[in-house]
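Every number in this text was worked out from the coordinates using simple rules, so none of it is lab data. Please read all numbers here as calculations on a predicted model, not as lab measurements. Here the Cβ is made from the backbone with ideal geometry for all residues, glycine too, and neighbour counts use every protein chain on show.
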Amino acid sequence: MQKTQFFSWLVSGRPSFHLPALKLLLESMFLSVDPYMRPYSQRIMKEGDIMIGTQVARIVESKNPAFTVGAFVVADRGWRTHFISDGKGLQLLLSSWPESLPKSLALGTVGMPGLTAYFGLLEVCKMKPGETVLVNAAAGTVGSVVGQLAKIGGCKVVGCAGSDDKVAYLKKIGFDEVFNYKTVKSLDEVLHKASPDGYDCFFDNVGGEFASVAINQMKKYGRIAVCGAISQYNDSVPQKGPYMQMPMIYKELQMEGFLVTRWNSRREEGLQALLKWVVEGKVKCHEQVTEGFENMPMAFIGMLKGETLGKAVVKV
Ligand SMILES: NC(=O)c1ccc[n+]([C@@H]2O[C@H](COP(=O)([O-])OP(=O)(O)OC[C@H]3O[C@@H](n4cnc5c(N)ncnc54)[C@H](OP(=O)(O)O)[C@@H]3O)[C@@H](O)[C@H]2O)c1
């Protein structure tokens, strides 16, 4: 399609081109802002590329019988307001999605970040009832789901975040012990006080210094899910130790990195479980919605600076 034809269609509202057979025209409704965009864009993008990212999009026109006009999908077509697709890789929202539930949650709690919490906790941490779970960046999208799922699973939950407002929010949604890691005098002491017997599971979203302190507070045979390393995403020079081998050996710890895509074949199972908990009110969600496609960079920078509580999304 010619660019000029496409824009004249958008402006006039009248198609001046023919959508080819089996193709769809989609309109982005919500765009996601995620930490992975920082390291991945540095690694896989070159100047002039369209910024990577996912959206909830509405089908505006369809020449593909598998997709009906008006349906909503999750797509990974980057920072675009409109796009044409052959349908490959588009994921329809669950058919049981309630009309009253914001569709933007398909980018957060009932989407990729929620699945990260679900599989990371169940399959990597292998949490069991009665255990103590530690999670950092706890007021973020992944962290807030981790804490709430661990409570549903019968665990004690300790979390930390970078502002007093975030700490208050985490208490409100049921975390047992919470602290502001930016204002504590000694991370070691506060972690010990929150759970004097140590931690069975550590869901690490942050890495760096926090992780190297927390590892010393693990119980014997503890499990560490290495989910993210957001404290290092902006580094131009890699951070150096302290190194983790000694506590790993003496406490016989298991530490496993993972990508949520490992469980793509179980995506439906995870989303159904998350949707059920959200609808029942057992998992609470907080979104920070920025209005306007032109504000994507501002929303992205704000998220990296820790200014967002819960999921950062942009309403196009
Ligand atoms: N392995 C996977 O498949 C997978 C999938 C999704 C996400 N992740 C990772 O999981 C982590 C959380 O993702 P998310 O979607 O929950 O992010 P999010 O909702 O955007 O939350 C990010 C939070 O991280 C905290 N943060 C930012 N810079 C930090 C720093 N230098 N040190 C400590 N904390 C910092 C900030 O909160 P504070 O105010 O509390 O500092 C910020 O609000 C990220 O590391 C992400 O890359 C991994």
Scan the range 241-290 for GluC sites (Glu not before Pro) in coil per DSSP, keeping those whose Cβ has at most 13 other Cβ atoms within 10 Å, and list them by number.
E252, E280
Between helix 267-279 and the chain, what is the angle of the helix's C-alpha long axis to the longest principal axis, kept within 0 to 90° and rounded to the nearest 10?
80
Residue range of the chain that is longest and free of trypsin sites (Lys or Arg not before Pro) which are both DSSP loop and sparsely packed (at most 10 other C-beta within 10 Å):
89-184
PRE zone check, label point 7 Å out along Cα-to-Cβ of Q91, amide N under 12 Å, scope the range 22-46, hits none
Express in nm, to one decimal, how much length is gained between N180 and S265 on full extension, taking 0.36 nm for each residue of separation and deducting their alpha carbon distance.
26.9 nm
Neighbours of Q245 by Cβ distance under 15 Å: Lys/Arg at +1, Asp/Glu at -1, summed charge +1
Please identify the GluC sites (Glu not before Pro) of the range 17-82 that satisfy two criteria: DSSP loop assignment and at most 14 other Cβ atoms within 10 Å. Which are they?
E47
Do any cysteines in the chain lack another Cys Cβ under 4.7 Å, and if so which?
C155, C160, C227, C285
Entries of K126/K151; K156/K193; K193/K251; K126/K305; K128/K311; K220/K284 with Cα pairs more than 22 Å apart
K126/K305; K128/K311; K220/K284
Using only Cα atoms, locate the centre of the range 284-316 and the centre of the range 61-75, then give the distance between them in Å, rounded to an integer.
26
Signed unit charges on C-beta, dipole axis of the chain, positive-most listed residue F175, T308, C285:
C285
Okay, which of the range 143-169 sit inside 20 Å, backbone N to the point 7 Å along the Cα-Cβ direction of H192?
158-160
Quick calc, the range 112-261, dipole around Cα centre from Cβ unit charges on Lys, Arg (+) and Asp, Glu (-), nearest 20 debye, gives 200
Computed magnitude of the charge dipole of the chain (debye, nearest 20; Cβ of K, R +1, Cβ of D, E -1)
380
Assuming R0 = 35 Å, what is the FRET efficiency of L122 and H18, from their Cβ-Cβ distance, to the nearest 0.05?
0.15
What spacing in nm lies between the two simple spin-label points modelled at E209 and R38, each 7 Å away from Cα in the Cβ direction?
1.5
Calc'd 3J(HN,Hα), the range 160-165, phi into Karplus 6.51 cos²θ - 1.76 cosθ + 1.60 (θ = phi - 60°), Hz, glycine/Pro = x, comes to 9, 8, x, 7, 5, 4
Value in Å of the Kirkwood radius, where the chain supplies the Cα pairs that are averaged:
20.8
Using only helices, what value at 222 nm comes out for the chain when you add -39,500 (n - 2.57) per DSSP H run of length 4 or more and divide by the total residues, to the nearest 500 deg cm²/dmol?
-8000 deg cm²/dmol
With a Förster distance of 25 angstrom and the Cβ-Cβ distance between K282 and S163, calculated FRET efficiency to the nearest 0.05 equals 0.50
